[in-house]
1. Considering each of Ala40, Ala99, Ala15, Ala36 in turn, give the residue that is buried (at least 16 other Cβ atoms within 10 Å of the Cβ) and out of contact with any Pro (no Cβ under 8 Å at 6 or more places or on another chain).
2. For segment 17-52, name all the residues that are assigned to a helix (DSSP H, G or I), charged (D, E, K, R) and closer than 21 Å to Val217 by Cβ.
3. Only residues in segment 212-235 that are in contact (Cβ under 8 Å) with a residue 40 or more places away in the chain and over 18 Å from Ala18 (Cα atoms) count as the first member; pair them with residues that are in a helix (DSSP H, G or I) and of a type in the set (Phe, Trp, Tyr), Cβ under 7 angstrom, at least 6 apart or cross-chain, and list the lot.
4. Which condition number does Val181 fail, the rest of (1) within 30 Å of Ser94 (Cα to Cα); (2) in contact (Cβ under 8 Å) with a residue 40 or more places away in the chain; (3) of a type in the set (Val, Ile, Thr) being met?
5. Return the only residue of Leu117, Leu112, Leu139, Leu166 being outside any helix (DSSP H, G or I), touching a helix residue (DSSP H, G or I) at 6+ places or on another chain (Cβ under 8 Å), touching a residue at least 12 places away in the same chain (Cβ under 8 Å) and not small (Gly, Ala, Ser).
6. Might you check whether a residue that is in contact (Cβ under 8 Å) with a residue 60 or more places away in the chain and either under 19 Å from Ile193 (Cβ atoms) or buried (at least 17 other Cβ atoms within 10 Å of the Cβ) (or both) occurs anywhere in segment 47-66?
7. Regarding Leu188, is this residue under 26 Å from Ala74 (Cα atoms) and touching a residue at least 40 places away in the same chain (Cβ under 8 Å)?
8. Within the bounds of segment 150-164, is there any residue that is in contact with a Ser or Thr (Cβ under 9 Å, 6 or more places away or on another chain), of a type in the set (D, E, K, R) and surrounded by fewer than 16 Cβ atoms within 10 Å (Cβ to Cβ)?
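Only the coordinates and a few stated rules stand behind these numbers; no lab work does. Note that the structure is a prediction, hence the values are computed from the model and not measured. Cβ coordinates were reconstructed from backbone atoms using ideal geometry, including for glycine residues, and neighbour counts include every protein chain displayed.
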Amino acid sequence: MPVLLVAGGSRGIGAATARLAAKHGYDVAVNYNANADAAAAVVKDVEASGRKAVALKGDMAREADVERVFDDAAKALGRVSHFVHSAGIVAKSSKLADASSETFRNVVDVNLMGALLCCRAAVRRMSTAKGGHGGSIVLLSSMAAQIGGANEYVVYAAAKGGVDSLTLGLAREVIKEGVRVNGIRPGLINTDIHEPGRLDRVSPSVPMGRAGEPDEVAAAILFLLSDEASYITGSVLNVSGGR
């Protein structure tokens, strides 16, 4: 049975991915950092779909936590064959000149350093060159990486630009070791990552005229994880309503 580990799987896009994955036959490890109740609710929904699930606490920007979460997922469910990195923060919106160096570090650590640490852990376990059986990885980037996030999220955009580069470079590095790596660039999505009022303010700028829903992003993630995307690696798919 395929086993999916979702970093940042307790809320938003990560939670939607975990729930949809269960309907597609995956057992799911739900990683969370702070909200144990939200993670437990996702686990309950996965189990209601007839699949196994476990909630695993860990800060996926910390090396020791990353390694422990991957190991605990394997102990609970079996070899992790699929991985989604959905852990992310934007911090308070501001212009770059008004942001603190602490904000720089936090945003880069969670969004980019965390992705690097998680990808390393995943490849070490999936790569056929390292004794694994192959696998599939999907990284959550953002349309901010292309738009730039001016006046709000330049730091976040820069970190997500790094995720785009990681996706392409790692994909080319490990494809002959049985591991596919792809990315998703969500646009404006209806999750609690946004400050109050931002969805209403920004939605008119979306060509489709609305914010997207987490389930719409999750469907794209499940496609890239699946064997239906067997000839796709190093791609980053925009799920953005045309933005």
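1. Values: Ala40 fails: buried (at least 16 other Cβ atoms within 10 Å of the Cβ); Ala15 fails: out of contact with any Pro (no Cβ under 8 Å at 6 or more places or on another chain); Ala36 fails: buried (at least 16 other Cβ atoms within 10 Å of the Cβ).
From the options Ala40, Ala99, Ala15, Ala36, the qualifying one is Ala99.
2. Just the residues of segment 17-52 that are assigned to a helix (DSSP H, G or I), to begin with: 17-23, 36-48.
Then keep just the ones that are charged (D, E, K, R); that gives 19, 23, 37, 44-45, 47.
Residues satisfying the conditions are Arg19, Lys23, Asp45.
3. Correct list of pairs: Ala229/Phe223.
4. The number of the failed condition is (1).
5. Values: Leu117 fails: outside any helix (DSSP H, G or I); Leu112 fails: outside any helix (DSSP H, G or I); Leu166 fails: outside any helix (DSSP H, G or I).
Answer to the check: Leu139.
6. The first filter runs over segment 47-66 and keeps only residues in contact (Cβ under 8 Å) with a residue 60 or more places away in the chain, leaving none.
Within segment 47-66, none of the residues are in contact (Cβ under 8 Å) with a residue 60 or more places away in the chain and either under 19 Å from Ile193 (Cβ atoms) or buried (at least 17 other Cβ atoms within 10 Å of the Cβ) (or both).
7. Working: under 26 Å from Ala74 (Cα atoms): no; touching a residue at least 40 places away in the same chain (Cβ under 8 Å): yes.
No: the conditions fail for Leu188.
8. No: zero hits.
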